[in-house]
Amino acid sequence: MSDLTPATEQRLLDIVLGDPVCLSYEAEDRVIEKAAALFADVDTGVEVRNEARVHLWYEEHFGVPADPFTSSADAIDHFASTTCCFGITREPGSGLRVYAPHGFDGLFGMVLRPNPVLAPREVYEAKARQWQAEWPRLVVEPWPER
C-alpha cells in the first residue's frame, strides 16, 4: 500500500503477550531475546511486549495510570489509534483468529484514527507524526475535542 519495501519500514511486526504470571522485566526480556534470535533473519524490526505488565510502567512513561489488562484483546482495545487495534492469534487445531474491533477500513485506507480510551493526546499525536513521516500518504484524523 505504501510502495515501501519491508526493509525500509520502521517496524513490521508487534508480538503481544498476555502472561499475567511472569510480570517481571527480566521475564519479558527473556522472551524479547528469544524472539530476536527467532526473527534474526527478518529484515524489519520485531517488537515483543507482555501487555499484562503494561500497568506497571505506563504511568511513568506516559503520565496517566493504566489498569491491568485482562487479555490481549483488552490491551489491543487500548492502543492509541483504532487503526492499530487488531491482532491475529493462532489457535491450536482451528487456524487463525482475527480480532479487529474497529475493522480494517482505516488500515487499508491509510487513515489513522485516535482511540482516546487510555493514551493521552500527546502519545497519539507523536505516533501520528512519526508514522506520517514514514508513510506520507497517511491521513491523520485529529484528536477529538471534548
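The values are calculated or read from the model by the stated rules, or taken from the named source; none is laboratory data. These figures come from a predicted structure and were not determined experimentally. Positions of Cβ are backbone-derived with ideal geometry, glycine not excepted, and every protein chain shown enters the neighbour counts. These accessible areas exclude ligands, DNA and RNA; they are computed on the full protein's heavy atoms, side chains included. Shrake-Rupley method; radii C 1.70, N 1.55, O 1.52, S 1.80 Å.
The table that follows gives values for the structure above.
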{"item": "Tally, over the stretch 98-131, of residues that are open to solvent by 50 Å² or more (accessible area, probe 1.4 Å) and aliphatic (A, V, I, L, M)", "result": "3"}
{"item": "First in the stretch 44-56 and more than 12 Å from Lys34 (Cα to Cα), second anywhere and open to solvent by 10 Å² or more (accessible area, probe 1.4 Å) and of a type in the set (Val, Ile, Thr), Cβ under 6 Å, 6 or more apart", "result": "Glu51/Val16"}
{"item": "Total residues in the stretch 46-64, condition open to solvent by 30 Å² or more (accessible area, probe 1.4 Å) and farther than 20 Å from Arg121 by Cα", "result": "4"}
{"item": "Sole residue being open to solvent by less than 30 Å² (accessible area, probe 1.4 Å) and charged (D, E, K, R), chosen from Glu134, Glu91", "result": "Glu134"}
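Conditions tested, residue by residue: (1) at pLDDT below 90; (2) open to solvent by less than 90 Å² (accessible area, probe 1.4 Å); (3) out of contact with any His (no Cβ under 6 Å at 6 or more places or on another chain).
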position	(1), (2), (3)
Glu9	yes, yes, yes
Val21	yes, no, yes
Ala37	no, yes, yes
Ala40	yes, yes, yes
Ala66	no, yes, no
Ile76	no, yes, yes
